[in-house]
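Working notes for the structure below.
A short reminder: the numbers here are calculations on the coordinates, not readings from a lab. Bear in mind that the values here come from a model prediction, so they are computed numbers and not experimental data. Ideal geometry is used to build each Cβ from the backbone, glycine not excepted, and the neighbour counts take in all protein chains shown.
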Amino acid sequence: MIEPAALRWQDAVIAEIAILTPRVKSFRLRVGFAARFRPGQHVDVRLTAPDGYQAQRSYSIASAPDASGLIELMIERLDDGEVSGFFADIAEVGDTIELRGPIGGSFVWSAAEGGPVLLVGGGSGVVPLLAMLRHRAAAAPGVKALLLYSARTRQEVIARAELDARARDEPGFALHLALTREPGGRRIDRAAIDAALARIGAPAHVFVCGGNPFVGAVSNLLLDAGVAPALIRTERFGG
């Protein structure tokens, strides 16, 4: 059986690198499927050492599908992270890395699905939600969307300037930040969920992404607030 193209390993060249936060960098990679993926999908990245040892991690795509030939990954440096450490300290523009994708079919949203859309992200869990927001702005700006985003400090808000600009300039988009380590800050709680729902109205789609404890807690809050389970789609990473 021929392996599906998305599951074949392929070379991708790093075209651009930018610092986003003290722990997160943006990497724009030249690939052949930049116009052929769905917002919310991810890629697998594989690194191979000279002795043959391999390390592999999954990273959500942050960019929206377009004709640029590039996808964007936003990679957070993790303590003792083999792959994230490479991207944080070693990777340079012009380097070639192995990846496969796009992967994933349940945690995705496209303009044809409509809204309103409620997005809830914790830390780097905002990355696939950014892809959805960027796609919305390009393809369906009339769809209402709200991002409820939890980060420790304002400095650690990924794509902060972009999100602030969208909240200012896009009438159908609202941004609610929960900054847990700022003075007076708090985690996302039932009051924050209720405020988001009051702002956006009854959502047609809800996406929650972050660490396991975050996703579990937010999902429970949404259910307690009366959101139907069938509307809630989740993406989790370890922790």
* **From the C-alpha gyration tensor of the chain, square roots of 5λ in Å** => 30, 20, 17
* the chain: angle of helix 160-169 to the longest principal axis, Cα-based, in degrees nearest 10 -> 50 degrees
* **For segment 111-237, projected area of the alpha-carbon convex hull averaged over all directions, nm²** => 7.1 nm²
* Asked: Based on the mean of other beta carbon atoms within 10 Å per residue, what is the order of 209-216, 48-55, most packed first?
  -> 209-216, 48-55
